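Notes for the one structure printed next.
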Amino acid sequence: MKIGVLGTGMVGETIGSKLIEKGHEVKMGSRSATNEKAAQWVSRSGNKASQGTFKDAASFGDILFNCTKGEVSVEVLKSAGEETLKGKVLVDLANALDFSKGRPPGLIFGTNDSLGETIQKSFPDLKVVKTLNTMNCTIMVNASGVPGEHDVFICGNDPDAKKKVSDLLAKDFGWKNIIDLGDITGARATEMILPLWLRLYGTFGNTDFNFHITR
């Protein structure tokens, strides 16, 4: 597939590199078509990697990954353009964190809304699928990085988009336990896991863990 990755940070690089490894073509998007971090990633990643603006990456990709900071995700998507995003599948793995009162951060959207829902409301013709936001990026792309049984959550309004993303999670990232939480309102539940994740990170001193639901 052709995939657009929005964001040049550690998450974007990790997602993009894994997708390249699995044979996809990936365009990394940023505010500038000549972003230095994106250029360095392209030079390391071979001929299936390219870079451009957020709009360039959104136009290129059949599936898009939102790897931007959640605080600016809507602004980034607006810069890509509503027409460019129309009909696309967006994998939203970001979390909107509020650092205004220091660390650990709170959630910008609290308990009655979510970033995933806000993106969907802002771009009604975009097919938003919320997933992968409850773990470290190295685990996102390598489910076997944590031993034993553990889960990834997924939600979104479009069943076909969720199926397409679930297939990618299973085939390319190695996920066996994919739990469908229903429509995009499930995003507020997975985003609210972040305060617990951050406390566990502080307790363990590393991010080599994930959640598993037993029943």
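List of remarks:
- Qualifying residue in segment 167-178 (condition: in contact with an Asp or Glu (Cβ under 8 Å, 6 or more places away or on another chain) and either closer than 24 Å to D62 by Cβ or open to solvent by less than 70 Å² (accessible area, probe 1.4 Å) (or both)): yes
- Residue pairs meeting the criteria (Cβ under 7 Å; at least 6 apart or on separate chains; first open to solvent by 10 Å² or more (accessible area, probe 1.4 Å), in segment 73-84; second not in a helix (DSSP H, G or I)): E82/F123
- L196 meets the stated requirement of being at negative phi and either over 15 Å from the mean Cα position of the chain (by Cα) or open to solvent by 40 Å² or more (accessible area, probe 1.4 Å) (or both).
- The selection criterion, being open to solvent by 20 Å² or more (accessible area, probe 1.4 Å) and of a type outside the set (A, V, I, L, M), does not hold for N66.
- Of residues in segment 11-30 being of a type in the set (A, V, I, L, M, F, W, C) and under 20 Å from D92 (Cβ atoms), the one most open to solvent (accessible area, probe 1.4 Å): V11
- Residues satisfying the stated conditions in segment 1-45, i.e. of a type in the set (D, E) and within 17 Å of S59 (Cβ to Cβ): E25
The values are calculated or read from the model by the stated rules, or taken from the named source; none is laboratory data. Bear in mind that the values here come from a model prediction, so they are computed numbers and not experimental data. Here Cβ is always computed from backbone atoms with ideal geometry, including for glycine, and neighbour counts include all displayed protein chains. Surface accessibility is based on the protein's heavy atoms, side chains included, excluding ligands, DNA and RNA. Shrake-Rupley method; radii C 1.70, N 1.55, O 1.52, S 1.80 Å.
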